[in-house]
Amino acid sequence: MAMVHITINGRELTVDAGLTVLQAAQQAGIDIPTLCHHPALPDIGACRMCLVEVAKQRALQPACTFPVSEGMDVQTESPKVVAARKFVLELLFSERNHYCMFCQMSGDCELQSLAYRYGLDHWTYERPHEPLPVDGSRRYFMLDHNRCILCRRCVRACEEISANHTLGERLRGAKTMVSADLDVPFGQSSCVSCGTCLQVCPTGALIERYSAYRGRDANHELQHTPSVCAACPVGCGIDVAHRANHVVRISGDWEAEPNHGLLCVAGRFEPFDEVRERVTRPMVRRNGALVETDWEAALTAAAEGLKKARSKAAIATGRATNEAFHALATVFETAGIWERPVPKLEYGEAGTLADIHSADAIVVAGAAPGARQRVVAYRIRKALDHGARLFVIGNDEYLEPHASLVVADGEAERAVEVAAGAASPVVLYGADLGPGARQALRRLAGKARFVRLVEGANAMGAAAEGVGAWNGMAEVDALYVLAGDDPQEPPALPKAGFTVVQTAFKSALVQQADVVLPSPTWAERQGHLTNLEGRVRPFDAVLSAPEGVPAEWQPLVSLAERLGKK
Amino acid sequence: MGKVLVATDWLAACAGCHMSLLDIDERIVGLLEHIQLTSTPITDLKHPPKEGVTVGILTGAVNNTTHIEVAKQMRERCKVLIALGDCAVFGGIVTMRNQFSMQDALRRAYIESESTVDGKIPSSPELCRPLRARAVDQVVKVDVYLPGCPPSADTIYYVLSELLAGRVPELKGEHLRYD
């Protein structure tokens with residue numbers, strides 16, 4: 001690539017042509033303050049915080065959008081620049097409501113920290129105090145227009161990251177407002193609650209209801225632990241903010257594969273809906289009633305019940321860790337996860353989720369990523385924005401309006417016919433793959449990449465340990481149910497004379513059990529999860545489990561010993 | 001050299017800023033060797049002396065006609081005027097009222113508030129008139145801005161110490177806070 005010679009603050013640099021002044025400065029470790037700029041979003045130069053003085057330019061230029069050129073001489077903190085930035089800050093503070101004392105973002109706010117940096121101790125301009133609405137129509141978060149600085153980060157995130165295109169802006173100048181769809185309340189809009197807009201908002205305009213006022217990063221009130229989302233098999237990287245052994249907020253990990261910061265409602269918000277009572281002590285059934293006991297007594301009772309049984313089997317949540325599936329497979333020859341099986345095509349080269357981005361045709365067959373693997377659906381929409389075409393065989397309510405063609409399985413041929421004309425098609429198939437699609441898609445083998453959208457967050461990890469989908473057996477002597485912290489109750493269980501349930505929460509399932517063994521929640525466990533691409537991801541515990549609740553695999557390892565299995 | 005005369009008063013304030021001033025704790029004893037508090041809203045003498053003071057401190061926003069008189073009197077009688085706290089500096093939480101019409105605000109406060117029985121909006125001609133809430137510098141010239149809700153005792157001590165040393169205090173780092 002061509003290089004150019006530039007000078008920033010007297011430092012001579014040789015940088016790639018095509019970089020912006022901001023990128024060149026960042027590469028050289030020169031700090032230029034930004035506000036509307038976000039590393040995951042395209043720059044638009046809206047806020048004017050990054051103004052710099054460029055020799056021979058008539059006016060100050062925004063570093064985030066101004067490209068470098070040969071011989072350019074840039075000053076990033078000259079008196080003229082500093083005066084302009086203070087002026088910009090005063091204008092931002094003078095509009096709307098930027099009183100920090102009752103804002104939950106105070107301390108973590110990017111606008112505030114810039115004002116501190118430039119010593120803004122008062123505002124020159126009179127404030128209009130125009131009352132603007134607070135949109136509280138969303139279940140998990142609110143939009144307070146009074147705190148908005150119109151940086152459009154949320155609008156760009158909705159467009160460029162989640163590709164959902166809900167947010168936009170209406171009117172012009174000082175009257176500009178961020179609005180959802182054609183100016184409807186956020187809660188009635190096409191918003192999918194992915195929460196990406198919250199994650200990029202630099203001020204307190206987009207506020208998460210749960211985490212608000214529960215702690216700030218300022219003063220190190222919050223701790224952060226990276227983890228892996230267990231809501232679905234996409235296996236998004238998450239950043240878990242926690243305080244005093246409670247999860248406060250879940251954010252997408254910008255650095256993580258395959259999501260790069262993007263999450264969905266199931267990963268970001270739904271974990272906070274959990275209200276079931278915890279199981280923290282083992283229980284055994286005595287005289288018809290479950291009574292709390294110690295681990296020794298519970299494991300002995302479980303081992304005895306399993307020893308006596310002529311036939312025994314285990315059924316597990318697909319959320320369990322690789323370690324737990326390994327232990328489960330050691331103890332039980334017959335074991336399965338309770339989510340639906342997804343057939344594996346005998347043809348075609350396996351692809352990854354990254355292939356969606358470069359695809360020019362996407363076939364979704366017998367799958368509903370819009371409901372089950374939502375981040376995949378958002379990635380598909382992003383690809384459509386870049387010109388790819390979508391063909392749906394079956395049903396996906398979320399994706400169908402954006403598809404070029406939606407057909408039933410019997411007409412799969414029609415969709416494949418068109419997709420076959422593409423240069424690099426990607427096929428995503430799932431549990432409802434029908435015979436028609438199965439037959440028709442064979443034509444794309446050799447050209448397309450095939451991505452299997454399994455069900456069960458760690459179905460791939462389970463399969464690697466020989467634990468496939470539950471075989472539908474109707475009756476066994478003894479049954480071990482590894483329910484973990486799955487928010488879903490298992491489907492109809494086989495009849496069993498003796499049942500052991502390993503669970504984090506009290507539920508109807510517990511009422512059927514002869515032995516109940518406590519299990520950690522997603523935030524308390526550690527181990528590995530394997531996502532639908534086969535990516536094996538280690539993660540550490542975010543929180544400490546309640547006293548006496550062991551690792552997810554521990555009860556199974558203890559049972560293996562008692563049953564004489566290694 | 002005699003002691004430096006300092007007068008304080010509050011406008012539409014919650015008294016938190018004056019509390020923070022008292023939170024200087026035992027250091028106030030040392031300060032009082034160099035300054036004399038001529039008047040405060042929590043002492044018998046409320047008004048700055050006619051002869052004038054060196055430093056005047058106002059906390060709270062201006063939100064009625066009396067506040068304008070108090071602010072103007074303080075300005076006339078002091079050499080250096082400090083706006084202390086977010087309300088005095090920016091208008092602060094008091095300006096939330098500006099989002100409503102004055103009639104709505106008065107009705108909410110005097111008639112509709114949960115603890116009120118048979119309320120009525122005061123209308124005596126002896127009373128001041130409520131105004132749109134605003135920062136002190138929208139009424140009189142301010143020399144030193146000291147934001148914070150409230151500013152920490154350390155920051156107030158720093159500002160007074162700097163003034164005593166003959167310097168114009170510059171707020172930055174830990175001393176510049178809006179919450």
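The values are calculated or read from the model by the stated rules, or taken from the named source; none is laboratory data. Remember, predicted model here, so these are calculated numbers, not experimental data. Ideal geometry is used to build each Cβ from the backbone, glycine not excepted, and the neighbour counts take in all protein chains shown. To get the accessible areas, we keep the full protein, side chains included, count just its heavy atoms, and leave off ligands, DNA and RNA. Shrake-Rupley method; radii C 1.70, N 1.55, O 1.52, S 1.80 Å.
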Which members of the range A:548-557 meet the condition of being at pLDDT 95 or above and either open to solvent by less than 60 Å² (accessible area, probe 1.4 Å) or assigned to a loop (DSSP other than H, G, I, E, B) (or both)?
A:Val549, A:Pro550, A:Ala551, A:Glu552, A:Trp553, A:Pro555, A:Leu556, A:Val557
From the list A:Asp360, A:Asp385, A:Asp396, A:Asp355, which one is surrounded by 20 or more Cβ atoms within 10 Å (Cβ to Cβ), more than 17 Å from A:Glu533 (Cα to Cα) and of a type in the set (Asp, Glu)?
A:Asp396
Taking the range B:91-123 and the residues there that are of a type in the set (Val, Ile, Thr) and within 14 Å of chain A (Cβ to nearest Cβ), the one that is least open to solvent (accessible area, probe 1.4 Å) would be B:Thr95
β-branched (Val, Ile, Thr) and open to solvent by 60 Å² or more (accessible area, probe 1.4 Å) - does that describe any residue in the range A:1-13?
no
Can you name the condition, by its number, that A:Ala84 falls short on among (1) more than 14 Å from chain B (Cβ to nearest Cβ); (2) under 30 Å from A:Val134 (Cβ atoms); (3) surrounded by fewer than 24 Cβ atoms within 10 Å (Cβ to Cβ)?
(2)
Residue in the range A:546-563 that is farthest from A:Cys229 (Cα to Cα), counting only those that are under 30 Å from the mean Cα position of the chain (by Cα) and of a type in the set (D, E, K, R):
A:Glu547
Wholly inside the range B:15-87, helices (runs of 4 or more DSSP H) that include 2 or more residues that are buried (at least 17 other Cβ atoms within 10 Å of the Cβ), touching a residue at least 24 places away in the same chain (Cβ under 8 Å) and more than 14 Å from chain A (Cβ to nearest Cβ) are B:16-22, B:65-77
Among the residues that make up the range A:330-345, is at least one of them over 26 Å from the mean Cα position of the chain (by Cα) and within 13 Å of A:Arg449 (Cα to Cα)?
yes
Confirm whether A:Ala212 is in a loop (DSSP other than H, G, I, E, B), in contact (Cβ under 8 Å) with a residue 24 or more places away in the chain, touching a strand residue (DSSP E or B) at 6+ places or on another chain (Cβ under 9 Å) and not polar (S, T, N, Q).
yes
Test A:Leu543 against the stated conditions and say whether it is under 29 Å from A:Ala256 (Cα atoms), in a strand (DSSP E or B), under 30 Å from the mean Cα position of the chain (by Cα) and aliphatic (A, V, I, L, M).
no
Do we have any residue at all in the range A:265-278 that's within 19 Å of A:Gly484 (Cβ to Cβ), surrounded by fewer than 21 Cβ atoms within 10 Å (Cβ to Cβ) and without any contact (Cβ under 8 Å) to a residue 24 or more places away in the chain?
yes
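Per-residue answers, yes or no, for (1) over 30 Å from A:Cys236 (Cβ atoms); (2) in contact with a strand residue (DSSP E or B) (Cβ under 7 Å, 6 or more places away or on another chain); (3) open to solvent by 60 Å² or more (accessible area, probe 1.4 Å):
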position	(1), (2), (3)
A:Ala423	no, no, yes
A:Val427	no, yes, no
A:Gly434	no, no, no
A:Leu441	no, yes, no
A:Ala445	no, no, no
A:Met460	no, yes, no
A:Met473	yes, yes, yes
A:Asp477	yes, yes, no
A:Val481	no, yes, no
Where in the range A:347-423 are there strands (runs of 3 or more DSSP E), lying wholly inside it, with at least 3 residues that are under 30 Å from A:Gly195 (Cβ atoms)?
A:361-365, A:389-393
Considering the range A:87-98 alone, what residues qualify as being part of a loop (DSSP other than H, G, I, E, B) and either more than 9 Å from chain B (Cβ to nearest Cβ) or aliphatic (A, V, I, L, M) (or both)?
A:Glu95, A:Arg96
Return the residues of the range A:281-300 that are open to solvent by less than 50 Å² (accessible area, probe 1.4 Å) and part of a loop (DSSP other than H, G, I, E, B); say none if nothing qualifies.
A:Pro282, A:Thr293
Under the condition of being acidic (Asp, Glu) and either open to solvent by 50 Å² or more (accessible area, probe 1.4 Å) or in a loop (DSSP other than H, G, I, E, B) (or both), which residue from the range B:124-157 is nearest to the other protein chains (Cβ to nearest Cβ)?
B:Asp143
In the range A:496-524, residue farthest from the chain's Cα centre (by Cα) [restricted to those that are open to solvent by less than 10 Å² (accessible area, probe 1.4 Å) and within 22 Å of A:Ala464 (Cβ to Cβ)]
A:Gln502
Which condition number in (1) more than 13 Å from A:Phe141 (Cα to Cα); (2) buried (at least 17 other Cβ atoms within 10 Å of the Cβ) is the one that A:Val192 fails?
(1)
Taking A:Met101, is it over 18 Å from A:Pro202 (Cβ atoms), within 11 Å of chain B (Cβ to nearest Cβ), among the aliphatic types (A, V, I, L, M) and crowded, with 18+ Cβ neighbours inside 10 Å?
yes
Test: residue in the range A:58-72 that is out of contact with any strand residue (DSSP E or B) (no Cβ under 6 Å at 6 or more places or on another chain) and within 14 Å of another protein chain (Cβ to nearest Cβ):
no
If we ask which residues in the range A:54-72 are crowded, with 19+ Cβ neighbours inside 10 Å and either more than 15 Å from A:Leu19 (Cβ to Cβ) or at pLDDT below 95 (or both), their number turns out to be 1
Just a yes or no: is a residue in the range A:366-381 hydrophobic (A, V, I, L, M, F, W, C), open to solvent by less than 50 Å² (accessible area, probe 1.4 Å) and more than 15 Å from A:Val234 (Cα to Cα)?
no
Does the range B:162-175 contain any residue that is under 23 Å from B:Asp9 (Cβ atoms), more than 14 Å from every other protein chain (Cβ to nearest Cβ) and at pLDDT below 95?
yes
Out of A:Ala478, A:Ala496, A:Ala492, which single residue is not in a strand (DSSP E or B) and not acidic (Asp, Glu)?
A:Ala492
Out of A:Arg443, A:Arg438, A:Arg449, sole residue that is charged (D, E, K, R), in contact with an Asp or Glu (Cβ under 7 Å, 6 or more places away or on another chain) and closer than 21 Å to A:Tyr347 by Cβ:
A:Arg449
Being buried (at least 19 other Cβ atoms within 10 Å of the Cβ) and within 10 Å of chain B (Cβ to nearest Cβ) is true for just one of A:Leu111, A:Leu120, A:Leu132. Which residue is that?
A:Leu120
